[in-house]
Structure formats: C-alpha cells, structure tokens
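The structure under discussion appears below in the form of structure tokens.
The numbers here are math on the coordinates, done by the rules we state, and not lab data. Note that the structure is a prediction, hence the values are computed from the model and not measured. Neighbour counts are summed over all protein chains in view; Cβ atoms, including those assigned to glycine, are modelled from backbone coordinates with ideal geometry.
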Amino acid sequence: MLLLNQTVHRLIDLALEEDIGPGDITTQAVVLDLLATFLDEDVELKDAQRLLDHSLGLLTQLSNSAPVVISVRPIPLIAHQRAVLLELLKNNVDVCWEEPLALQSTQQTQMLLFG
C-alpha cells in the first residue's frame, strides 16, 4: 500500500483498516519519512504525539513478525517545536543510526564549472 500526502488522521485510519495480524507480513516493512505526516501544523502537537505513539504501537506489532525499518528526515527549523516527535521515535526503536550533522561551509563559494 502506498500512501502519499495523507493527513495524520487518515494515515491511522488506513492502518487500522488493514487489520494486519501476526504472521500476515512475512517480509520486511520499510517506512519512509515517517515524521513528515506528523509535522502538519494544523494538527496540535499533543494530538500529533498521541497519534505517533499509536502508530509506533502498530509498527511494533508488525515488527513481531518481520523486520521494520523507519527513515526520517531532520526536523526542519520551521517545525523545531516538533523535535519532540523525533525523540519519541528514538525512544521506541531498538536501533537508531544517525548521520552526523554536516559541517557548515565557511563563506566559500562554489567554483565555476565553465570558466
């Protein structure tokens, strides 16, 4: 099932409609950019936390029968107050890999490709 640009509430509804039980998934599950849906500013932070917690519970159920990999992007500066969602995710996973922050360049401009 491919879900693009869904609201948080619709994402939860779709997950519940699937009614996936133990043993239904026999291969790995990959969730790309999980937190993007939860950054919607029209959803109160408290509701986003509750819904993310519920989603993580569903993913935990799935992980009992198959490996689950979740990717996220860094929280954008404009949504810094939602960084708590990333911490909630980190606290609910078995293994977390993080890329080191990129070093900021020192006022250098890129050289011209064609001179």
For the pair I78 and N92, the simple spin-label estimate (label points 7 Å beyond Cα toward Cβ) gives in nm 2.6 nm
How much length is gained if the chain between L32 and F114 is pulled fully straight, taking 0.36 nm per residue apart and subtracting their Cα-Cα distance, in nm to one decimal? 25.8 nm
Under 5 Å, built H, 5+ apart or other chain: amide partners of V68: A29
